[in-house]
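Quick one: this structure, given as structure tokens, is what I'll be asking you about.
The values are calculated or read from the model by the stated rules, or taken from the named source; none is laboratory data. This is a predicted model, so every value here is computed, not measured. Methodologically, a virtual Cβ is constructed for each residue, glycine included, from the backbone with ideal geometry; neighbour enumeration extends over all protein chains shown. Calculation scope for accessible area: heavy atoms of the full protein, side chains included, ligands and nucleic acids excluded. Shrake-Rupley method; radii C 1.70, N 1.55, O 1.52, S 1.80 Å.
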Amino acid sequence: MVSSKFKQDKRLETKGAVLSMVCWVRTLLFISVLVPAFVECRIRHYHFNVVVKNATKLCSTKPIVTVNGKFPGPRLYAREGDNVLVRLTNHVQYNVTIHWHGVRQLRTGWSDGPAYITQCPIQPGQNFLYNFTLTGQRGTLLWHAHISWLRSTVHGAIVILPKKGVPYPFPKPYKEKVIVLGEWWKADTEAVVKQATQTGLPPNISDAHTINGHPGPVPNCSSDGISIGPYTTRVPFDHNCKNRNFLRFVNADAHTLHVETGKTYLLRVINAAVNDELFFKIANHNLTVVEVDACYTKPFETDTLFLGPGQTTTALLKADQGIGKYLIAISPFMDTVVAVDNLTGIGYLRYNHTLAFTPTTFVAIPAVNATPVTSVFSDSLRSLNSKLYPANVPLTIDHSLFFTIGVGINPCATCFNGSRAVAAINNVSFVMPTTAILQAHYYGINGVFTDDFPAKPAIPFNYTGTPPSVVQTMNGTKVYRLAYNSTVQLVIQGNTIIAPESHPTHLHGSNFFVVGRGVGNFDPEKDPLKFNLVDPVERNTVSVPTAGWTAIRFRADNPGVWFFHCHLEVHTTWGLKMAFLVENGKGPNESIEPPPTDLPKC
């Protein structure tokens, strides 16, 4: 938190939005003995203007789509239990939606945001009021555009503080810092995805990684016009260089985290990258992980964080080193043959009273294919599972699902070599409809989707062995139907068709418990015996290991239509996505709310 209770509340009132207002409403409740009770209600108002702004990075300037002219966008601050109202006005040429990634949206699926799943997009010149309540959640999440590749620049942090008077389940920090990781293309990302769609080839990889919008020093470029020539991206620059111009260069366009000796800081780290899983390290400093995806964890210490796109990790940092400047590095993870942006994003941790030309302490970053580092980090995550924050893992299962995920090749007469790269779940490449599925479900509109998504592959094969001879997929707009409050076990199995790859996979509308993971093919007899059903980590996005599997469990207690997809935007674009349709329960409290009157039209 901040240094005083007053400053903490003041921060909530002023940060992250054009307008942020707290409204107190006192309501008299009559219970059986007519005893009055007062209920505190807070409403947080934000106005998001989607506008184009020129941005200069990597020695080139391009127009980018932003919210309120910021990259990353404004931070959304609230407390658990608050009602959040975000008025979004679209001033750009593209259709726009915003997804509040990880917000459960209990009964408010109309505000979830994925285009053509829960809403039609907000067209140029139009606006829409997102309206949701932060129920039973506290921690770090993110918001981002959920149409085409606009989330490359349209994204920002969501910070949900505990209710007033409720402490963190870990030592109170001196201050909090938000760190948003991203990717940057010199080209227009909408042009990148358009070209890939037309050719059927994989899209061009990004040109840099960013920390709070800043790439740090990169080859042959600086904001001062100083070129240092090519260097290896694994060792960013000459550790012993004392040249004054060089020192000015290495600080150009780099984020600096200022700290005070002896203080403890809470770092809210968000991976808002489009396609890259990332490592995060600070030279000579360890981090104590206390929360992921707005769910508290048992604390554990590490020198390296690992985050897939859409994941968040909150960690305590002790400023316990000598006064000086320490490198912050973010680097990609890729343990297969797929191309990746291998440029390391650079920032600095700087202690107060550090002299201007103090040499930087450098850090050894993991190898790009450091699978053991990712495994150790993932296996260390455990739910807090305390009396206040229990891990309510479903122990009985109504739906046992097995989804294979991966890529394929489909014929395309107009594409390069007559074929295009696609991706699929259970060999179904999802086709985006032209009417939002939630609207079709709510109003009973036929012909938009079918509810026959397969619970398992139609034809089993050796998923991580020799791929089948036929790699073509079928196309369809299919959902899997779930009764309200039913329980689900889903094994997500990666395959080796075309190329194996790690898949960060995101479920809208629910958190889930990660009860198991492994490499190779899932064994339905042996592997469930090793499931953690006591304190598995609770998340909304999980990485499926390369040529491996991950098992999750969740309860379908949120009526609506909920997107499930790989959070690598390239794979979402190719069709690695589907949706769960959760039916209404009994009565209005178990049913989706009626659609808002200003819901966009397709």
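Residue under question is Pro121, and the condition is that it be in contact with a Ser or Thr (Cβ under 9 Å, 6 or more places away or on another chain), closer than 29 Å to Thr56 by Cα and open to solvent by 10 Å² or more (accessible area, probe 1.4 Å); does it hold?
Taking the combined requirement at face value, the residue does not satisfy it.
A follow-up question, please. Output the residues belonging to segment 59-92 that are among the hydroxyl-bearing types (Ser, Thr, Tyr) and open to solvent by 30 Å² or more (accessible area, probe 1.4 Å).
The answer is Ser60, Thr61.
So which strands (runs of 3 or more DSSP E) are wholly in segment 427-530 and hold at least 2 residues that are open to solvent by less than 20 Å² (accessible area, probe 1.4 Å)?
Here the list reads 428-430, 479-482, 486-494, 503-507, 512-519.
Return only the number of the condition from (1) farther than 30 Å from Tyr389 by Cα; (2) modelled with pLDDT of 75 or more that Phe170 does not satisfy.
(1)
If you check Val561, Val570, which single one turns out to be of a type in the set (Val, Ile, Thr) and part of a strand (DSSP E or B)?
Val561
Exactly one condition in (1) surrounded by fewer than 21 Cβ atoms within 10 Å (Cβ to Cβ); (2) of a type outside the set (Gly, Ala, Ser); (3) in a loop (DSSP other than H, G, I, E, B) is false for Arg555; which is it?
(3)
Which pairs turn up if I take residues in segment 348-366 that are within 18 Å of Gly216 (Cβ to Cβ) and look for partners that are of a type in the set (Phe, Trp, Tyr) with beta carbon separation below 6 Å, at least 6 apart in sequence or on another chain?
Listed pairs, sorted by first residue: Leu349/Tyr326; Thr361/Tyr326; Pro366/Phe279.
Touching a residue at least 60 places away in the same chain (Cβ under 8 Å) and among the small types (Gly, Ala, Ser): is that true of Gly102 in this structure?
Yes: the conditions hold for Gly102.
Scan (1) polar (S, T, N, Q); (2) touching a Ser or Thr at 6+ places or on another chain (Cβ under 9 Å); (3) not in a loop (DSSP other than H, G, I, E, B) for the single condition Thr396 breaks and write down its number.
Looking at each condition in turn, Thr396 falls short on (3).
Residue-wise test of (1) in the same structural domain as Phe563 (by the TED database); (2) of a type in the set (Phe, Trp, Tyr); (3) over 27 Å from the mean Cα position of the chain (by Cα).
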site	(1), (2), (3)
Thr435	yes, no, no
Leu438	yes, no, no
Tyr443	yes, yes, yes
Asn446	yes, no, yes
Thr450	yes, no, yes
Ala455	yes, no, no
Asn462	yes, no, yes
Ser469	yes, no, yes
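Still on this structure, I have one more. From (1) at pLDDT 95 or above; (2) surrounded by 24 or more Cβ atoms within 10 Å (Cβ to Cβ), pick out the condition that doesn't hold for Val218.
Just one mismatch for Val218, condition (1).
Answer yes or no: is there a residue in segment 537-560 that is over 30 Å from Asn127 (Cα atoms) and touching a His at 6+ places or on another chain (Cβ under 6 Å).
Yes, there is a match, as at least one residue in segment 537-560 is over 30 Å from Asn127 (Cα atoms) and touching a His at 6+ places or on another chain (Cβ under 6 Å).
Still on this structure: Look through Lys164, Lys177, Lys194 and report the one residue that is basic (Lys, Arg), within 21 Å of Ala254 (Cα to Cα) and open to solvent by 10 Å² or more (accessible area, probe 1.4 Å).
It is Lys177.
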